[in-house]
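Report on the structure given below.
Since every read-out is calculated from the coordinates, none of them should be taken as a lab result. What you see is a predicted model; the values in this text were computed from it and never measured. No Cβ is skipped: glycine too gets one built from the backbone with ideal geometry, and neighbour counts run over all protein chains shown.
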Amino acid sequence: MNKQCIDEKWTFRNGFVDSLGALQEDKGQEVNLPHDGMIGTQVRPDAPARSDSGYFVGGLTNYTKYLMIPTEWENECVGLKFDGAMMNVTVDINGYKVGSQHYGYAPFYVDLTDYVTFGKENRITVNCNTSMYVNSRWYTGSGLYRGVRLCHGSRVHIVPDGVFVRTKEVADGYAFLEAEVEVANRTLENRLAEVTLTICKENSEEKECVVKRVIQIGAGKSETAKMAINVKDPLLWDAENPYLYKVKASVKSLGTYRTHFIQEETTETDEEETLFGIRTITADSIRGLRINGKTVKLKGGCLHHDNGLLGAVSLYAAEERKVKKLKEEGFNAIRTAHNPPSAALIEACDRLGMYVFDEAFDAWGIAKRGGDYSQFFDTDWEKDLTAFVRRDRNHPCVIIWSTGNEIPERGGLDNGYELATSLAETIRRLDGTRPVSNGICSLWSGLDDELVGTKSQLQNTSEGLFDTSWETITEPFTNGLDMVGYNYMEELYERDHEMFPERVILGSENFPKEIGFRWPMVERLPYVIGDFTWTAWDYLGEAGIGKAVYVDESDTAVQTNGWSLMPPSGSPYPWRCANDADFDITGHMMPQGAYRSVVWGNSKTHLFSMHPETFGKKEAMTMWGFPALLGSWNYSGWEKKNIRLVVISNAEEVELFVNGKSIGRKPVGVERPLPYSASFDTVYEPGEVVAVSYTSGKEVSRDSLVTTGKPAKICLLPEKRSMQADGHDLIYVGVEITDQVGNVVPDAEIKLSAQVTGCASLAGFGSADPKTEDNYTDGDTTSFRGRAMVILRAGYTHGSCTITVSAEGIGHVAESVEVQ
């Protein structure tokens, strides 16, 4: 079907709209989609979801738009395609309810054909409800956060997401493909239809091959055309070489059996175009994961769906930027935690080359939170899982499906064993080309009352797994899986391989600080295909799960077992971000990101300090934390006090110089808790610290820290100078507080304000501070560690845009960009 983006100029209102009277009373706010109705609201200490939501509060939101439906579409089918809407959504057209959707992450289609008035304006009304507390374990956002498309096509048309091309084999200079095109017949007669499939390289109109098939579709039914395709000298897709093809399917109605064979002409046609990639996937315990016949270890990170300062809004420019930065660090894979991602993220992974572990659910029938998807799982799971798989199955970046994460049914409760197999088999019916997995954790939940007393284990850890009860209790749950995801249970890999020598193991979720001693094991064991850190990119909600504190040795009030820092109510207000990632919410790499890149082979040296106030104290952090390393040498008032510096490097030795004087040369550590590092204790002196890495006595790389001057300037750093006038494009503008000579002042906390004029809007403005009351949409923030971020969003008109940022006591600075 033809798809038209209709994201421009919707009217947004808080509350539920059920009549024209309500529309006339509340004129609302004009917004462009995608739009998050929650991110612009104020956080509150009494938020029902507390730290789960980062202290944001859900509610009722409404979107309306008047659409002219042309008279010439009168004999066609018309519908709306949503990539996701948060959540418990109802869709009305001209006052008629035409559709609903509970799951906020799954794509869905609403048929309007029998309700629209052709040749006139039609009112679309979408109500969204995130007030059912608590509905997730993280920030969800609300509303039409992934956009809407208007679809139309002939009465004999290709079903939305009805084109599927899969690679059967690559051999002898050919790619042998199989294709399916699902065609619907909304007429009252049986119809014959000619289905044509054309394949080209993405940026070429030269046809690689053309295949045709004639099928019959019963009245009011659908039928699938199945075709074999042979592509000569194919370009294979993988993360290093993300070659893409486009497939164009067209359907021509040939009329009824009788009219076709007396050669009556017809002009009824429909078309669909999609990207796909040619590549093969296999996985076994001997050779591991193989992409196009080559063994690959997944250097993975988990990603929640939000985009930091943008809230839940998903735009291609934001997802593309995220994927680029992850690749630069060394990642080759992401896990979509713990739900279907946006189509924009999947497209970015296709184009840039990033493997995706594509996840369906965080909850099945047993609730994790009182208002979560468990309420609707029994009735909706098959519909939502089907829509998710059909949308993503053409995308070569998707290499593994996941049916869920830390599902309480893993112990067999609520018919969990049978459910696990049913979900896996449903995926295989839709797409049998990829392995199916599930992220399984220890048995800290999911056991009946009798077993809890004897078999329960600590949460997210291998501790307490001295016998094989975890393996025996979860074995029926793994029956339908091609590979088993292990959350935080690396200690079981080798023992479980002895029990299940054919099992393929995936480290589906692991602690960020442990990569240094876990990754060598992943590389050594062929049946372990990769590791996914929690998390690759910081996110809103689950606030403070990565926090750390430093206490006196005699202080017994704070323990170090992780959960001790997290009371039952979660982290206190105003914690907002998880604070557990390789990148903060603005896209600035954190120390754990530098650490991971070194473990994965980057030869750079990274020098960090720890605040003198932490010296000699006991480190207490949650299990997702990382040592409190800082890229700073600004500690005014701490002169002559003891201080620790930490160097991260994969060289053999590192040497540290303070103001030109060597204070020692040490081998890089290989033991826990932080291999690939060396620490040096000295006293704080303002000036410059330099770390030099050596291998075989020769310098490999170096890094330095300097004491900066006082904040003197604002520096704006646009990541690009122009954007498209499509309402979707973004420009990220870094804000740095520098001293007089241009050094970022790492301890600067300066109040800032931002103003945007011209053909763009301020989509987000804030810092990476994980504890803040900032409203990211109001143009005010405070710099954090000398930095902040402005996000500009294009409108639909061409011209220029100017961003002006002002700071107390410093002045202001402006930059202009083009909207083309």
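Considering only SER701, GLY616, PRO675, and ranking their Cα positions along the charge dipole of region 601-706 that arises from unit charges at the beta-carbon of Lys, Arg, Asp and Glu, the one farthest toward the positive end is GLY616.
By DSSP, the beta bridges lying fully in the chain are antiparallel in about 85 percent of cases. With contributions of -39500 (n - 2.57) from each DSSP H run of at least four residues, the per-residue ellipticity at 222 nm computed over the chain stands at -3500 deg cm²/dmol. Considering only Cα-Cα distances, which of the following residue pairs are longer than 25 Å: LYS661/LYS698; LYS547/LYS617; LYS3/LYS27; LYS299/LYS325; LYS368/LYS455; LYS81/LYS221? Violating the 25 Å limit, Cα to Cα: LYS3/LYS27. Packing here is the average count of other Cβ atoms within 10 Å per residue, and on that basis the peptides 633-641, 88-96, highest first, run 88-96, 633-641. Here the ratio of the Cα radius of gyration of the chain to 2.2 N^0.38 Å is 0.99. Report, ordered by chain and residue number, the aspartates and glutamates lying within cross-link reach of LYS618, taken as a straight Cα distance under 20 Å and ignoring same-chain residues fewer than 8 apart. Straight-line reach from LYS618, under 20 Å: GLU514, ASP552, GLU553, ASP555, ASP580, GLU671, ASP681.
Calculate, in nm to one decimal, what MET68 and GLU688 gain on full extension: separation in residues at 0.36 nm each, minus their alpha carbon distance.
So the extension gain works out to 216.6 nm.
For region 141-226, the set of GluC sites (Glu not before Pro) satisfying both a DSSP loop assignment and a count of at most 12 other C-beta atoms within 10 Å is given as GLU205, GLU206. In a reduced charge model with +1 at each Lys and Arg Cβ and -1 at each Asp and Glu Cβ, the chain shows a dipole moment near 1200 debye about its Cα centre. For region 403-469, chymotrypsin sites (Phe, Trp or Tyr not before Pro) meeting the loop criterion (DSSP other than H, G, I, E, B) and having at most 14 other Cβ atoms within 10 Å: PHE466.
Distance from the alpha carbon centroid of region 497-535 to that of region 294-322 works out to 21 angstrom. Classify region 601-706 as rounded, prolate or oblate, taking a ≥ b ≥ c as the square roots of the eigenvalues of its Cα gyration tensor: rounded when a/c is under 1.5, otherwise prolate if a/b is larger than b/c and oblate if not. It comes out oblate by the Cα gyration axes.
Under the combined filter of DSSP loop state and at most 16 neighbouring Cβ atoms within 10 Å, region 1-92 retains these GluC sites (Glu not before Pro): GLU8, GLU74. Selection among LEU481, GLY293, ALA578 by position relative to the dipole of the chain gives GLY293 as farthest towards the positive end (Cβ unit charges, Cα centre).
Using the Cβ-Cβ distance between GLU8 and MET499 with R0 set to 60 Å, the FRET efficiency from 1/(1 + (r/R0)^6) comes to roughly 0.55. Ranked by how many other Cβ atoms sit within 10 Å of their own Cβ, fewest first, the residues ARG191, ARG123 fall in the order ARG123, ARG191.
Legend: ranking of residues MET499, MET132, MET623 from fewest to most surrounding C-beta atoms inside 10 Å; resulting order MET499, MET132, MET623. How large is the dipole of region 601-706 about the Cα centre if only Lys and Arg carry +1 and Asp and Glu carry -1, each at its Cβ, rounded to the nearest 20 debye? It works out to roughly 140 debye. Isolated cysteines of the chain, defined as having no other cysteine beta carbon under 4.7 Å away, are CYS5, CYS77, CYS128, CYS151, CYS200, CYS209, CYS302, CYS441, CYS577, CYS715, CYS759, CYS801.
Once Lys and Arg get +1 and Asp and Glu get -1 on their Cβ, which of VAL156, TRP444, MET499 lies farthest toward the positive end of the dipole of the chain? Result: VAL156, furthest along the dipole toward the positive end.
Note on LYS720: aspartates and glutamates with a C-alpha under 14 Å away, same-chain residues under 8 apart excluded, are GLU320, ASP729, GLU815, GLU818.
With an 8 Å cut-off on Cα pairs and a minimum separation of 6 or more residues, tell me the relative contact order of region 601-706 in percent. The normalised contact order for region 601-706 reaches 33 percent. At an R0 of 35 angstrom, the distance between the Cβ atoms of ASP111 and LYS232 translates into a FRET efficiency of 0.30. Can you give the net charge of the other residues whose Cβ lies under 11 Å from the Cβ of LEU298, counting K and R as +1 and D and E as -1? Net charge around LEU298: +2.
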